[in-house]
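To start, the structure itself, in structure tokens.
The values are calculated or read from the model by the stated rules, or taken from the named source; none is laboratory data. All values derive from a computational prediction rather than experimental measurement. Cβ placement follows ideal geometry from the backbone for every residue including glycine, while neighbour counts extend to all protein chains displayed.
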């Protein structure tokens with residue numbers, strides 16, 4: 001346990017330094033699309049990538065959280081630009097249904113904006129695996145790095161403007177994630193305090 005806590009403490013020094021953190025995720029980090037569903041108003045792409053945290057601090061994530069999963073919901077027709085908002089999950093928001101139904105689909109209809117829904121590392125496939133208080137810190141570090149992977153992937157793909165949001169804990173985690181993005185980015189943390 002002492003070695004594990006020591007690894008977390010050492011990682012905290014790196015993830016808390018914006019300059020060091022900017023170089024933790026390669027520009028061309030691999031992201032994979034595994035399935036595409038056609039709907040009347042949109043396409044829903046399921047995708048994944050290996051969490052960068054697994055490369056930086058091997059074994060710190062539970063095995064089921066090593067693969068970061070997401071859904072990318074895009075309109076059938078884009079308007080002028082190709083805007084995308086990344087939505088981070090709030091406490092208890094397992095899988096994608098709530099964010100897809102209550103936020104992503106209405107955003108397509110009302111604004112022609114795509115949404116990227118990132119699964120919370122400790123809420124793998126409908127269950128929470130948070131066991132220790134330190135897991136919250138590890139989850140935050142994973143979400144910061146995973147958000148960076150997705151922002152770079154979207155940027156490489158020509159999507160713009162990019163933004164981030166989340167409700168409650170998701171808003172707090174989105175606030176952490178944008179601090180390491182080197183470009184201007186809108187942030188809308190909803191129902192989020194200084195800590196979640």
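Residues in the stretch 162-180 that are surrounded by fewer than 20 Cβ atoms within 10 Å (Cβ to Cβ) and touching a strand residue (DSSP E or B) at 6+ places or on another chain (Cβ under 8 Å): 163, 168, 175. Say whether the condition of being surrounded by 21 or more Cβ atoms within 10 Å (Cβ to Cβ), at pLDDT 90 or above and closer than 15 Å to residue 89 by Cα is met by at least one residue in the stretch 109-116. Checking the stretch 109-116: at least one residue is surrounded by 21 or more Cβ atoms within 10 Å (Cβ to Cβ), at pLDDT 90 or above and closer than 15 Å to residue 89 by Cα. Against the definition (under 22 Å from residue 185 (Cβ atoms), without any contact (Cβ under 8 Å) to a residue 24 or more places away in the chain and surrounded by fewer than 21 Cβ atoms within 10 Å (Cβ to Cβ)), how does residue 67 come out, yes or no? Criteria not met by residue 67. Quick one: in the stretch 1-29, of everything that is in a loop (DSSP other than H, G, I, E, B) and in contact with a helix residue (DSSP H, G or I) (Cβ under 8 Å, 6 or more places away or on another chain), which residue is nearest to residue 69 (Cα to Cα)? Taking the candidates together, the pick is 29. From the set of residues in the stretch 178-196 that are part of a loop (DSSP other than H, G, I, E, B) and within 13 Å of residue 168 (Cβ to Cβ), which is modelled with the highest pLDDT? Among those that are part of a loop (DSSP other than H, G, I, E, B) and within 13 Å of residue 168 (Cβ to Cβ), it is 191. Among the residues of the stretch 70-108, those identified as surrounded by 22 or more Cβ atoms within 10 Å (Cβ to Cβ) and part of a helix (DSSP H, G or I) are 99, 104.
For the stretch 133-152, indicate whether the set of residues that are surrounded by fewer than 19 Cβ atoms within 10 Å (Cβ to Cβ), at pLDDT 95 or above and not in a loop (DSSP other than H, G, I, E, B) is non-empty. Yes: the stretch 133-152 contains one or more residues that are surrounded by fewer than 19 Cβ atoms within 10 Å (Cβ to Cβ), at pLDDT 95 or above and not in a loop (DSSP other than H, G, I, E, B).
Residues in the stretch 158-177 that are more than 15 Å from residue 16 (Cα to Cα) and either part of a strand (DSSP E or B) or without any contact (Cβ under 8 Å) to a residue 24 or more places away in the chain (or both): 160, 162, 163, 164, 165, 166, 167.
Keeping to the stretch 30-60, report how many residues are over 25 Å from residue 100 (Cα atoms) and not in a helix (DSSP H, G or I). Selection size over the stretch 30-60: 4. Consider residue 61 carefully, then state whether it is buried (at least 21 other Cβ atoms within 10 Å of the Cβ) and either under 19 Å from residue 146 (Cβ atoms) or in contact (Cβ under 8 Å) with a residue 60 or more places away in the chain (or both). Here the answer is yes, as residue 61 does meet what is asked. The single residue among 30, 63, 26, 58 that is within 17 Å of residue 119 (Cβ to Cβ) and modelled with pLDDT of 75 or more turns out to be 63.
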